[in-house]
Structures are given as C-alpha cells and as structure tokens.
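Worksheet: one structure, shown below.
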Amino acid sequence: MGKVVQGLQSGWFMREHDDSTTGSWLPVPQVPSQVHIDLLTNKKIPDPFVDANELAVKWIAEKDWVYKTRFITSRSSQTVTTDLVFHGLDTFATVTLNGTTILESVNMHTSYRVNISNLLNGTQENDLQIVFKSALLRGRELIDEHPEHTFHVRQTEASRIPVRKAQYNWGWDWGPILMTAGPWRPVVLEQYTARIDDIWTQYQVSPNLKRCSGHLYARLGAGVLEGDTVVLSLVYKDVEVVKQTCQVGLEGLVKTPFLLESPSLWYPHGYGSPARYELSAELFRAETKLDSQVKLVGIRRCELVQEKDDYGKSFYFRINGVDIFAGGSCWIPPDSFLAQMSKDRYVGWMRLMVESNQIMIRVWGGGIYEDDAFLDACDEFGILVWHDFAFACASYPVYPSFLTSLEEEARQNIRRLRSHPSVVIWAGNNEDYQVQERYKLEYDPEDTDPGSWRTSTFPARYIYEHLLPKWVQEEDPSAIYHPGSPWGDGKHSADPTVGDIHQWDIWHGQMIRYQDCAELSGRFVSEFGMEAYPHLETIRRVITNPGQQHPGSMMMDFRNKAGDHERRLMIYVAENFLVPSDLPSFTHVTQVLQAETMRYAYKAWRRMWGRPGARKCGGVLVWQLNDCWPTMSWAIVDYYLVKKPAFYAISRALRPLDVGIARACPIWTSGHADPMATNSCQFDVWISSSLQEAAEVDLTVKFISIRSGELVSETITTKILADANATTEVLENRCVNETQDPFIIHAVITVGGQVVASDTAWPQPLKYLDFSNRSVKVETSPSQDEITVSADLPVKGFVFEERQGLTLSDNGFDLVPGEKQIIQVTQGSISNGLGWTYIGANRSSEVVV
Ligand code: BMA
C-alpha cells in the first residue's frame, strides 16, 4: 500500500493552559500557527504591531498555552504504520495523544516524527493536544540550573541563550519582544507500509566543468524489508540521465554512482541559468510502489577562495570557475510571527534580490533555519545563500542536554539544506566571537585541543570549531564551513586582512562618516548598515495618533529599537543635512542618508574587487534587507515590502557594468568649513564589471555648477576597454580648475551608444549647498504608467513617496540638467497622486504627480 499524507491544518482550538485569561477554547483558523496570531483573530488582544501594543501583549510570554484537535485515521491495519510528524513546535512542547504523552520537545529548529500506530482509537476520533510551556520562564530556570556557565549576552536578556528557539523572539535592536509559542510549522499524519526518509546527492564537478561524478542516495525509514528495491533517477528536462534499481540492504541506505558528461550547471543570476535536475526515488516491494520522493537539485562547483595575497588572505566565492563579487544583503526572520509567512511573501522578497542585482543573501544566526519556500526561491532565482547556524551575540553553553538537542537540530537542517544549490556556505554563529573578545573569554588560537576549549570560559568554541564542522563534514562533505560571522583564522574578528568582518564603525562604534567607507573595507564585509525611516504610509499605519507622528515622539522612539538611535541618527543627519523637524522631511533626509551610505559603501568596496590575484574585497552584504515588523531600522525594504531609496542605490552600484566616482572630502580632514575645502576638486573614476568579457565603453565626465547648471570645466570624454569581471581604473587623482562655484562631477558610461550607468559626486556635506530654484518637472504619461522627471539645475535625492503595492522602476535618484529620468509604474496605480520631494525642496506644499 502506498503512503498517505494528511496535513492536520484545520479543526484546531487553543487557549491559555490554566484557562484564566482566555476563557473557553478559541477556534484556530489554521495550523501552522502561533498564539499571538490566534489571540488576535479571536479579538483577545490588540494588534501587537500597532502603537505600543507590544507592551499590552507582554503577558503572553509568561503563560503556558495549549492547542488541541481531533482526527480520524483513514486506514489502520497490522501492516500499516501511522506517524505524526511535527515539522516545528515552538518550543517546550508536551504532546499527548488520547491521553498518552507521545513527545516532549525542547527545540524549535527540529522536526519530530512519532510512531502512533499503537495509540489510535480504531475508527473513532483521536484527541491530540500540545501544551507549550513559557519559553521565557523556562529559559530563566535553565540559567539557574547551570551555574557552571556564565551566560554572557549582548542584545536582550540572557534567558534566550539556553533555549533553542529563534533568538530574536526575546527582542533585538530592530525587533519587538514577542515571545511566540505554538505549532509554527505543519503537523502531518503519515500512513505507510514502508517509507523513504530522505534523498540527496553528493558529487564533484571537474575543474574544467566537463564532468560531474558522484552518487545519488536514499535513506529508508520504517517498514522497509531486505529485498525491497529502490529506483533512483536523475532527470534533466524530461530526459532520464541516471536510472538505477538498487536492492535495499540491512543498513537502510541505498546509493548509486553516476557520471554526467557536460552537466547542466546551476548558476547564480547574471552568470547563467539556475539549471536544476529532478532527483527521485521510488520504493517497491515486488511490483507495488510503497513510497516515492522527488526533489529539485542543482549541480555546481563552489569554492571559497582563501589565498595569501598582498592584502593578507582573500575571501571570495568562485562558482563554476567564475569569481563572483557577492554583493547582497543580510536577512532577518521576515515576521515576528513566522507561522503567518506565506510562500508568496518569500517569493516576493527573493524577487527583490534579483531586481536589485543582489547576488547573495545571508541568513543571520539570531533567527531560524530558513523555510523551504525561501530556499526554493533562492534556487530558482539563482541567489547565493550564506547560512549562519542559529546562534547570535552570546556565549552559549555546552552542557550535555544542550549539545544533544543541538546535534539533532544541526544534522536535520544540514540534511534539509544540502540539496539546495543556492546554499554555498555555513557559518557557525553571528558575532559570538565578539562576545568572547568583549568579555575577554579564554581563546588561544594556538590551542588545538577541542577538549580544553570545552572547559574554557568560552566553551562554545567547541561547538563552532569542533562539533559543527564535524557534523557538516559528515552530512554534506562538499559543503563550505566558516566558524563564525565574522571570523578570520582566530585573529581579532575585526581584522580587515582575513576572513569576513562586520563593519559597524559606521553607525555603531566610532560612528565614522560614511564618506570614509573606502578606509573601512575588509576581505568580505558581511555586515554594515545605516538606519532610515520607512515611507510615511508605513509609519502612519502603525503610529495611529497624529500627535505622535513626528521625530522624537515617544511612540517613534518606542518603535525604533536600536540602542542610542536618537543620538546616532541625529548625528549623521545633522552632519549632512539641515535638520528638519516635520515627519515627511525628516523621513526623507534619513532615507537619502541611508541611500548615500549605500552608494559610498557598495561603490568603494566593489571597486576593491580588483582583479584576479588582487581581490581585496570579495563581497558586501548590507545589514539588513528586511524587517520583522513595521519599524525604523537598517532595513532597505520595510515589513510591507515597500522599498526605501537605499534599495535602488544598491541596485545601481551592483549593475553588471557600473561607473564610480570617488571625490575627496577635505573639509573633515582640514576641520575648516571653508568653501574651497567643501568644493573639493580631486577625484577618481573607475568602472566595475561583472561581465565575463571585456566591454568597450565610452565615458563622459562633466563638471556642472550647482548654482547655474553651467559647465565649470571642460568635459572629459574617453574610450575604455573595461576588463571582464574586474575593476578598471580610468582617472586617478584628477583635479579640475578650482572654483568657488560648487559643482557636481557627473560620469556617464555608454556601450554601443546606450547609457548603461552613471554616477554623480557632490561636494560634501550636502547641507552647505544652495538648492533653490531647481525647477523640477514631474510629468505623467496619459496612461499613468510612466513618469518623466527633469530639472534645470542639479538635484540631490529626488524621492517618490512609495507605498504598499506600488512598484516603480527607480527611485531615490539625482537629477542632472539635460537628462530626463523616466520611471515605469510596473504595479499599482498612481491615479490618487504620488508625493515626491528632493533635498532642499519646499515641503510646505505637499507635491504630488
Ligand atoms: C549586527 C547584527 C545584529 C544587529 C545589527 C545591528 O551586529 O549581527 O545582531 O541587529 O548588528 O546592530
């Protein structure tokens, strides 16, 4: 008999365990779910995302919760096994079936399978009940139970450390404290005679990419007998390239070797197509098919190039022999209530990556092991995934029960992720080595004895440098493992010569000016960021009192969770802009600030991609792509998928062929705010290319007065051959005639007469410039799907006020006299108007298209 799978999605009820707050059982519309979702649906709590309701729902964290349902199994017989599979329980769960405890779970990141064949009520209904204990209180108890360990923590309270639950639930510097509980991933009933547990491949692609050799595997689950057969096959575009019938042996594992000539390789977007093969296994007993499994897999050759060079040791990815500059983003959990994430929302997020030329996404360790929908989308769209293990900003313990739970968690997730071609690196943790440095915990790079790490004051080294690499090696031998993010061969985690760094001397730390990015690179910058407000619609939606809708109000400060955000944001704003106090103008300047930071950073660090043998910087990942609720944070796209101008700045800086201008900012080195220093003339121009062939490029560089729009110096035109996959320096240390008249430097590159990229360098800081009389024109096509923007004089930071459901082809750009910006409205409508503004605009009249 074949396998029958039945999702237990409906017919659930929930309530507080001791019944005192919620009263009777509340209907649960669907599982997966979490308590806040169901309490909100049943109108028992206000929306936790609105105003200060986060505080009004705080009590939920200290309660125990219970979910229950009933189900009938369609078949039962001696030869049929019935399992209940819990793909995710959040977190301390006791599961009973017909009154018998069948599972006690302690780990949100692990799935559980329980054979319930002997507990079923025949053809009658079965009662399933899951009690979720307060993870907050249990975490506090666990700390008390383990006095041998010091639970050092950065970000929120230490009770999160011993609990294997998404760490951001305890709150983070961009997220609320919302302690979830519930069946957060599907609950499924499976009935079968025998089953396939997992299928996967292990392979190697030859250096010349002409051959792929390896094995197809299937691990078999309960019910399988010696003599059963498994047909393993690999199909590409309907053509069977491998097919093998294997006899099942005692060990419950079958494998077959394969060799592919000229395999169709999986490429990240922009480099080729993300080809995938269909891997399948069918389990037979004589002629009867008992089970089957199918998976899309990809084949690629993946290397992390760490070689000694003039700058230290390189750190960059090479996929299918091509060096790839990994420009992209860091990713946090996309919702405070993950059970409400849909596949479509995941796909929507990943589309944004492709739209903005981003090639890599880093799944940050304070969240979860990402959903299959996320990974499938990355595979399909050709996005590289850097995945942290689920540890962040703390000193984790190594007591036996913690390690046992962790081993199951790690192995399961490595297995789940190993067939995804998008996943190119595992990192042991997020910033836990910084905790070791900060608290001066024991760490001797010369000490190679894992046993002594385990008993040191930084015992988690035993996890990151011994256990995790061992488990990765055993489950997925070709996977790349890196002990932490950041980490560099045991040197200081901020060492710019080795490994990856998190560059937080912009915003945090020394609060260095973003204009000085070029001095702040590393071999791979896996985090850096700048805060900005989301667009007005998002703010007004969640801060409902108009009297609170202004910078510095209590509700605005409450929503922004970043420590010292009031000071830090204001310093960066005040250094660069005249400080407005109304919400629309302040929102705008923070957005331009963030976009400027992105322009400086991505352009400067991509320039350091250099050329083969001199790849000084291998990638840049902004902190952070997304938000888990509507807030002011470092996100470049808000919770509702509304893009901030920084999104477009990154998109431009990562174009396959891009031009960059670096212009000196002598004012800050001289300390004199004199006009000559502000209006510096010294500049460089370069071209960044990720193309696989050299490109003939025409470059034009103009020097345009900000006051009059006239040229202040002779235009430079030149033809260049931009090297393939490299940086081509074009003009270095150039100067034009010094003038008191502030001017922009504007570079445009064309290929075959088509404009492919431009860049504009402004005198710094922007606040000294006179932006009066810009004569900005905004015209909409009769069909309202195209907007044309132009100005008589140079304009900085033109921004349309975006909103949910509206998609524009560009935003947050500069205007140069004589050049029109043509924007497509690709989704949504602007028939109700669309606000816009720019630096120095008169905001007193809200301008609409
Ligand atoms: C990094 C991250 C997060 C944090 C962010 C902003 O260091 O790893 O822990 O949210 O900075 O402070």
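The values are calculated or read from the model by the stated rules, or taken from the named source; none is laboratory data. What you see is a predicted model, and the numbers here were worked out from it, not measured in a lab. Cβ: placed from backbone, ideal geometry, glycine included. Neighbour counts: every protein chain shown. Accessible surface is based on the protein model in full, side chains and every heavy atom, while ligands, DNA and RNA are left aside. Shrake-Rupley method; radii C 1.70, N 1.55, O 1.52, S 1.80 Å.
To keep it simple, each residue is scored yes or no on (1) more than 30 Å from Phe391 (Cβ to Cβ); (2) in contact with a strand residue (DSSP E or B) (Cβ under 8 Å, 6 or more places away or on another chain); (3) more than 16 Å from the ligand (Cβ to nearest atom); (4) not in a strand (DSSP E or B).
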site: Thr73; (1), (2), (3), (4): yes, yes, yes, yes
site: Val85; (1), (2), (3), (4): no, yes, yes, no
site: Gly122; (1), (2), (3), (4): yes, no, yes, yes
site: Asp127; (1), (2), (3), (4): yes, yes, yes, no
site: Ile130; (1), (2), (3), (4): no, yes, yes, no
site: Gln155; (1), (2), (3), (4): no, yes, no, yes
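Within segment 607-624, restricting attention to residues that are open to solvent by less than 10 Å² (accessible area, probe 1.4 Å) and not aromatic (Phe, Trp, Tyr), which residue is farthest from the ligand (Cβ to nearest atom)? So the residue we want is Arg615.
In segment 579-622, the qualifying residues are those that are hydroxyl-bearing (Ser, Thr, Tyr) and farther than 15 Å from Val659 by Cα, and the one that is farthest from the chain's Cα centre (by Cα) is Ser581.
Does Ala281 meet the test of being of a type outside the set (D, E, K, R), without any contact (Cβ under 8 Å) to a residue 60 or more places away in the chain and farther than 25 Å from Val620 by Cβ? Spell out how you get there, then give the answer.
Values: of a type outside the set (D, E, K, R): yes; without any contact (Cβ under 8 Å) to a residue 60 or more places away in the chain: no; farther than 25 Å from Val620 by Cβ: yes.
Spelling it out, it is not the case that Ala281 is of a type outside the set (D, E, K, R), without any contact (Cβ under 8 Å) to a residue 60 or more places away in the chain and farther than 25 Å from Val620 by Cβ.
Taking segment 152-211 only, how many residues are over 30 Å from Glu226 (Cβ atoms) and either in the same structural domain as Thr457 (by TED's automatic domain parsing) or under 27 Å from the mean Cα position of the chain (by Cα) (or both)? Counting residues in segment 152-211 that are over 30 Å from Glu226 (Cβ atoms) and either in the same structural domain as Thr457 (by TED's automatic domain parsing) or under 27 Å from the mean Cα position of the chain (by Cα) (or both) gives 36. A single entry from Tyr533, Tyr462 fulfils the requirement of being under 24 Å from Ala649 (Cβ atoms), in contact with a Leu (Cβ under 9 Å, 6 or more places away or on another chain) and either surrounded by 17 or more Cβ atoms within 10 Å (Cβ to Cβ) or in contact (Cβ under 8 Å) with a residue 40 or more places away in the chain (or both): Tyr533. Total residues in segment 322-358 satisfying the condition of being more than 21 Å from Thr180 (Cβ to Cβ) and open to solvent by less than 40 Å² (accessible area, probe 1.4 Å): the figure is 16. For segment 625-646, filtered to residues that are over 25 Å from Asp564 (Cβ atoms) and in contact with a Ser or Thr (Cβ under 9 Å, 6 or more places away or on another chain), the residue that is surrounded by the most Cβ atoms within 10 Å (Cβ to Cβ) is Lys643.
Being within 16 Å of the ligand (Cβ to nearest atom) and either part of a loop (DSSP other than H, G, I, E, B) or under 23 Å from Phe325 (Cβ atoms) (or both) is a property that does not hold for Gly490. Here Met554 clears all of (1) surrounded by fewer than 20 Cβ atoms within 10 Å (Cβ to Cβ); (2) under 22 Å from the mean Cα position of the chain (by Cα) except the condition numbered (2). Being within 25 Å of Tyr271 (Cα to Cα) and either within 16 Å of the ligand (Cβ to nearest atom) or open to solvent by 20 Å² or more (accessible area, probe 1.4 Å) (or both) holds for only one residue in Ile361, Ile368, Ile383, and it is Ile361. Residues that are surrounded by fewer than 20 Cβ atoms within 10 Å (Cβ to Cβ) and closer than 18 Å to Ala761 by Cα were ranked within segment 681-697; the one that is modelled with the lowest pLDDT is Gln682. Of the residues Glu437, Glu380, the single one that is assigned to a helix (DSSP H, G or I) and under 17 Å from the mean Cα position of the chain (by Cα) is Glu380.
Residue count for segment 1-52, restricted to those that are β-branched (Val, Ile, Thr), in a loop (DSSP other than H, G, I, E, B) and either free of Cβ contacts under 8 Å to residues at least 60 places away in the same chain or more than 18 Å from Gln340 (Cα to Cα) (or both): 3. Taken across segment 497-513, residues that are surrounded by 19 or more Cβ atoms within 10 Å (Cβ to Cβ), at positive phi and within 16 Å of the ligand (Cβ to nearest atom) do occur, with at least one present. Of the residues in segment 215-230, none is under 18 Å from Glu62 (Cβ atoms) and either crowded, with 18+ Cβ neighbours inside 10 Å or not small (Gly, Ala, Ser) (or both). Tallying residues that are over 19 Å from Gln204 (Cβ atoms) and either more than 16 Å from the ligand (Cβ to nearest atom) or in a helix (DSSP H, G or I) (or both) within segment 461-486 yields 11. Considering the conditions (1) away from the ligand (no atom under 12 Å from the Cβ); (2) basic (Lys, Arg); (3) open to solvent by 30 Å² or more (accessible area, probe 1.4 Å), Lys561 is excluded by exactly one of them, (1).
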